[in-house]
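Enquirer: Take this structure, written in structure tokens, and hold onto it; I'll ask about it next.
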Amino acid sequence: MADSPSKDQILDAAERLFAQQGFSRTTIKHLGQAAGVNSALLYYYFGDKERLYRAVLERLVTRLISRVTSRSSTAR
């Protein structure tokens, strides 16, 4: 199942805010505002801020692996 646009918006905003402010200074309210969604939606998709943080990290690692894999396959 593809991610919904609002879930992607949340992940994009979270990635940006966590990088700028750090985990502890970033609040759910800030994340909801930055993503342009109701804060309750963050809890719906992720449960809590820590799980959202993990989802951001997983997405970053997945992108990194994809890039490395793509580069290694074109180098052959």
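Enquirer: Please count how many residues of region 1-16 are among the basic types (Lys, Arg) and in contact with a Leu (Cβ under 8 Å, 6 or more places away or on another chain).
Expert: 0
Enquirer: Restricting to region 17-29, name every residue that is among the charged types (D, E, K, R) and farther than 17 Å from LEU41 by Cβ.
Expert: Passing the criteria: only ARG25.
Enquirer: Consider GLY22 against the criteria (1) modelled with pLDDT under 95; (2) loosely packed, with under 13 Cβ neighbours inside 10 Å; (3) under 14 Å from the mean Cα position of the chain (by Cα): it satisfies all of them except one. Which criterion is unmet?
Expert: It is condition (1) that GLY22 fails.
Enquirer: For region 28-43, enumerate the residues that are buried (at least 17 other Cβ atoms within 10 Å of the Cβ) and not aliphatic (A, V, I, L, M).
Expert: GLY32
Enquirer: Next up: Give ALA19, ALA34 a once-over and let me know the one that is without any contact (Cβ under 8 Å) to a residue 24 or more places away in the chain and touching a Leu at 6+ places or on another chain (Cβ under 6 Å).
Expert: Of the residues listed, the single one that is without any contact (Cβ under 8 Å) to a residue 24 or more places away in the chain and touching a Leu at 6+ places or on another chain (Cβ under 6 Å) is ALA34.
Enquirer: Any idea which of (1) under 14 Å from the mean Cα position of the chain (by Cα); (2) loosely packed, with under 12 Cβ neighbours inside 10 Å is the one ARG16 doesn't satisfy?
Expert: Every listed condition holds for ARG16 apart from (2).
The values are calculated or read from the model by the stated rules, or taken from the named source; none is laboratory data. All values reported here derive from a predicted model rather than from experimental measurement. Cβ atoms come from the backbone with ideal geometry, glycine included; neighbour counts cover every protein chain shown.
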